[in-house]
Structures are given as C-alpha cells and as structure tokens.
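Structure first, then comments.
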Amino acid sequence: MTVSNDSRLRQVFSWISPSRFYKDTESREWVFYVSILVCFLAYQLIQQIPIVFDRIALSGFSPLSWMQTKQFPENYVNGYPSGVEIFSKSSFSIIYTIAAALGQTPTVTVQWITAVDYLLLTISLFLLVHALRLDSNPIVPFLVILYASSTSLRSINIAGYAQPFFSGQFYNVVDALRFLTIASMLTGRNCTAILIVAMIFTIHPTQGLTTSIILLAMRYGAGRPGAREVAAIFVSLAIAGWWIATQFEANNLLQIAVPADAWFRFTQIFSCHFYPLRNLTGTTCAVLLICILFRGMQIFWRNIRYSELDRTVRRGCIAILSMVLLGIAISAVPISPALIKISLHRSSDLLIVLALAYSIAVLLHEFDQTTKLKEPLKISLLVLPLALPYLYGVWFKPSQIDVRTILGLTLLLVVIPLVFVIFLNRQAKSFRMRALACILVSIATLVPPVGALSSAQIRLSRAVQQLAGWAQVNSNPGSVFFIDPTMGSGFRDLANRAEAGNIREWLYHWAYTNNGLMYQEGIRRASLLGVPVDEMIKATDSPPYACLDGRSFLGNISWIYDSNEGKLCNLMNELKADFLVTRGALNNSQRTLVHVYSNDIFDVYRNSCL
C-alpha cells in the first residue's frame, strides 16, 4: 500500500517537476533564455516605474490629467485645456475608467499598465519571431525582445516617435497588437489578424489604417477569401466604422474648425513627427538604420532561406516602404491636415522590427564557422544597440564628448568583442551563445534604461512634484496656476489644479482636438505675452526648418520677470490666474504678487489683484 502511494506521488509530481521541461538540450536552452529574460525584464520594470512618473512630471499630457478632468471638471473651469480630452476617443481609456470604478487610483493604474506593456511587448515579439520561423536558435527571439523592448533602437524611425514609450498611454499596446497582427497573418490565422486590426482601430485609428494596408499587401495573391475570412472582414469594418462614427465628429476628422493654413504653419513649427524633412538629422539616422537592417534581411533571403513565408514578409515590407515614401511626400507638400495626421511614414518602425529579426538571424547563423576577423565584428554589431545612449551623445552633442563616453564606446564595441573571441573561441556553440546572452544582458543593466532622464531633467521633475504637492495642500481646488510659459510640465497631472497654459499648448495642442475655440484663445493668450505669432508663421517659409519648443521664446517673455507690477497684474487677470510660478525670483518687488513658496527651481507668487 505504501509503495502504491509513493508511486502515485511520484507520478503526480512528475507533471510539475522542472525536469519534465528539461529533458533534452533544446529544452534546457529555452529554459535558460526564458529565465534570464524574465529576470532582466523584472529589473527593467523596477527601473522604469520611477522614470514614468518623472517623465509625466516633465511633460504632462498623461492619462492622469485626463482622469482628473473627468472626475473633477469643476477644478478646470477657468484653466486652459491641454487637449488631453483626446484620450477619451481611444478605447484604451476604458481601462482607467474601470480601474477607477473599482477604487484604483490613476497612479496605481499607470504602474500596472507599465508592467502589462512589458508583458505584451515580450509575448508579441516572441510570437512574431516564431511566425517568421527564426526561432530555431532560441537566442534570436531573446535578442529581438531585448533590443525592441528595452533599448531605444525603435526610436530611430522616420517619424521620430520614442519607442517603446512608457507613460501609461496606449502606444505600447498598439505596437504589440500590430506585431500580433503580422504574426497571425504569417501563421495562416487571417481571421484573427483581421479582428485584431479592428481592435487597433478603436485604440488608435491611424495605426489601424496603416496596419490594414500592410495586411492587404501580405494577403495579396493568396487566393479568394473564404466565408469565415469575409465574415471577419465585415465584423472588423463594422467595429471600426461604429467606433469612428460614435467617437469622432466631422470637424475633427476633416480638420475644418481650425483654418488649414494656420494648422499647417503651427504644426510645422512645433511637431517634427508630422514633418520628417524638418528633422533631417533624425530622419537621416532612421534611413541609415533601415538600410543597414534591410541589407541584413536581403542577405538572409539570398544565402539562408527564401520561402513563400518570406515572400509574404517581402510584400508587407514593400507596402511599408511605399507608405513611408508617400507619407514623406504628403508632409513635404501639405494638402490636407487630415492626411498629415495619418502620418503614413510612422509605419517605418514595423520595418525596423522585421528587418531586425532577420539581421540578428544572419549574424548568428553558423556562428562557430566564421573567421576570427568577422566574429568580433558580429559581436560589435550585436552590442551596438546597447551603446545607443553613448552614440546619441556623439551624434547630437559632439561638443560634449568626454573621456567617459570614449571609454564606454571603446569598451562596448572593441574590448568586449575581442575578449569574447579570445577566451571563448574554442567553446561549444551553445555555451558561447549563452555566454553572449549573459554579456549582453549585463551590458543592458549597466547602460541607462530606455527613456532615462538626465540629472538636470530629474532635478526639474522632482521640483515639479514638490510644487504639485504644495499646491494640493495650499491652494483651492479651482485655483489657476500660470507657470513659466516657455516650459511644459505635468503640474496639472500631479496637482489636480488648472493651468493657464503654455506657449506649446496655446499654439499647437488644439491640433489634437481641432477645437476652434481653443485655437482662438491660444492665439489670444500668446499675443498677450508678446509672442511674435506673425513672425513665427513667416519663419516656416524659409530654412532652417527647425522644430521649436517653448524655450525658444525665452526672450519674448523675459518682461514677466522685469515688468512693473501693473502690467504683470493685468496679464494675470486676463489669464484668470491665482498663482504665478517662475523659474527663479522676480527681479522687481511686486506688491500685488506675494511670494508664498519656493524650492530649488520654482518660486510661487499669489495674485492679490484679482
């Protein structure tokens, strides 16, 4: 009887024993890579959470602000809207609404969404590599996930969008769904891919449009769709059409509430995302990266494999390249604001991910059969994405290159590859692959994480958070704060208090919502401060075609710090501002503006002349 019981126990425990998944060499390889990846992503998540809130404190325009304007609309009656209400047009916002109904605060929800972002990106990238049939060597999906989710490699795209971008918004979820769409199409799950596109439409309509174009290109030449596929198409069109019809007004879709000429002018001044040719440095980097990765893809197809699956991928890549070129052409000769907002060139990031997977597979193909001269070069190329924080400094700020940057690049791109080859050249291939994975993960934990802020940015972020904490305790909920308009901040996101706005919001943020009243009031407020609106419009007609931020107008608003109290008092009354927040103390004594608070960066004055 005892023997029988022991036998049954062994049989039960055999199903949950790790040895069941550790039977052969291939299983042990997968267990190793999955384990090291899970540990690394957990480490990245712990680092990313405080960065998310620091970023929100710096730039604002986050779901925190949207939830607060929804829950406490009375607090924002006299303030200037930031345009954050556009979040309500995305089905992703339902997550925050449900979380709030369950008693969860938006700040906690942001942390959960950041964790889910990492999980979704990891799963979708793995499934994409698996669908591409590039996972025969488990280090390939491991490196694709490492580079695409934890480095800024994808940020080098034609549109200049930061990817991945962790801020509690929907961008990472949309990216993951696009990867899943392509993976589903490549594995013959066409109905699933079509329904995922409908989901993308409800979250981010323009991304849904570009993904559907890629899907059509990949589907081309595959024969007539079956009944289930036709049904999925009708369901997808119905969902997308219903969402757009119920969430967007004609004014917003056609951009007729704001004059088209003004829309073009101000978006050209403040947004390089819409106009890649105005950011030649960033666009050049993106083109170079795409050419290098695309070359890797071509080498794979020529020397390793070119199957029907690869032909499908090629059709998708041609569609992406066509959209990128068309998007650049549309931005170069603006015809319609609606066409500009679609940003067809934004789809270049998908090409980067697809070509990256093929390029890594090429570098690791027959790794133990390469010459001693080529192998260090391969290691250097694999380390290169992790060296981007140093390379950015060399490329964009060459005057600030220091010894630390030079030593860092030398160590990453020269010393480590040579040491790897010298000491591990005679080891078995599987051991060398595991050693390479450990080295790359170690480097990734030492370099700044994706989205990391400089010490000056962190100092400013903490000052904003301190200011927001003070405002919550020492001001009425309906108070309006006029913060130095040359800077953007997440003050309203963190303090749940209204702002009088800033230059970027006055002259650009209405482009998100196409709110005509918001546009007119923004022009009025900018003019009150002496911002040369007419000169700014003329400046877009001649080079240099630079994208500006609020700090470009410091000279125009310097009078705030030196003005007599009467002029400043009139400005505060026009803006209905209860508090003035400056970066440093006012130069002249202001009797009607009483100093009430200061920290390392900001000084706060109460307006007593309202």
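Annotations
- Taking the protein heavy atoms of the chain in the context of the full set of protein chains, the accessible area attributed to carbon and sulfur is 63 percent at 1.4 Å.
- Each peptide in 122-132, 43-53 was scored by the mean count of other Cβ atoms within 10 Å over its residues; highest first, the order is 122-132, 43-53.
- Mean silhouette area of region 408-472, derived from the convex hull of its C-alpha atoms and averaged over all directions, reads 6.3 nm².
- Compared with the alpha-carbon gap, the fully stretched path from residue 457 to residue 318 is longer by 46.0 nm at 0.36 nm per residue.
- The tail of the calculated P(r) for region 115-196, taken as Cα-Cα distances beyond 14 Å, holds 63 percent of the pairs.
- FRET efficiency for the residue 98 to residue 596 pair, using the beta carbon distance and R₀ = 51 Å, is estimated at 0.85.
- Largest to smallest principal axis extent of the C-alpha atoms in region 113-263, angstrom: 54, 41, 27
- When you work out D = kT/(6 pi eta Rh) for region 219-328 at 10 °C and 1.306 mPa s, using the Kirkwood radius from C-alpha pairs as Rh and the Stokes-Einstein form, the result is 86 µm²/s.
- Most to least packed among 205-213, 171-179 [average Cβ atoms within 10 Å]: 171-179, 205-213
- log10 of Debye I(q)/I(0), alpha-carbon scatterers only, for the chain at 0.05 Å⁻¹: -0.26
- Accessible area per residue in Å² at 1.4 Å probe, computed on the chain: 46 Å²
- Cα coordinate range in region 163-242, projected on the principal axes (Å, largest first): 42, 27, 16
- Under 9 Å, Cβ to Cβ, from residue 84 - net charge with Lys/Arg +1 and Asp/Glu -1: -1
- For the chain, a simple Cβ point-charge model (Lys and Arg +1, Asp and Glu -1, everything else neutral) yields a dipole of about 1660 debye relative to the Cα centre.
- The length gained by stretching the chain between residue 442 and residue 74 to full extension, at 0.36 nm per residue less their Cα-Cα distance, is 127.5 nm.
- Counted over the chain, the DSSP beta bridges are approximately 65% antiparallel.
- Look at where the Cα atoms of region 173-196 and of region 113-158 average out, and the two centres are 15 Å apart.
- Inter-label distance, nm, simple model (7 Å from Cα along the C-beta direction), residue 111/residue 245: 4.3 nm
- Positive end of the dipole of the chain (Cβ unit charges, origin at the Cα centre): among 376, 286, 50, the Cα lying farthest that way belongs to 376.
- Helix axis angle, 260-270 relative to the chain longest principal axis, alpha carbon, degrees: 70 degrees
- Taking each residue as 0.36 nm, the span from residue 288 to residue 220 lengthens on full extension beyond its C-alpha to C-alpha distance by 21.6 nm.
- Between the listed residues 244, 151, 263, the Cα displaced farthest toward the positive end of the dipole of region 133-279, a dipole computed from Cβ unit charges relative to the Cα centre, is found at 151.
- Peptides 492-504, 258-270 ranked from most to least packed by the mean count of surrounding Cβ atoms within 10 Å: 492-504, 258-270.
- 23 Å tail of the calculated P(r), region 430-541, as % of Cα pairs: 53 percent
- With the simple spin-label model, which puts each label point 7 Å out from Cα in the Cβ direction, the residue 419 to residue 583 separation comes to 4.1 nm.
- Simple spin-label estimate for residue 119 and residue 411 in nanometres, 7 Å along Cα-Cβ: 3.5 nm
The values are calculated or read from the model by the stated rules, or taken from the named source; none is laboratory data. The structure presented is a predicted model; accordingly, all values stated were derived computationally and were not measured. Neighbour counts are summed over all protein chains in view; Cβ atoms, including those assigned to glycine, are modelled from backbone coordinates with ideal geometry. Accessible surface areas use protein heavy atoms only, side chains included; no ligands, DNA or RNA. Shrake-Rupley method; radii C 1.70, N 1.55, O 1.52, S 1.80 Å.
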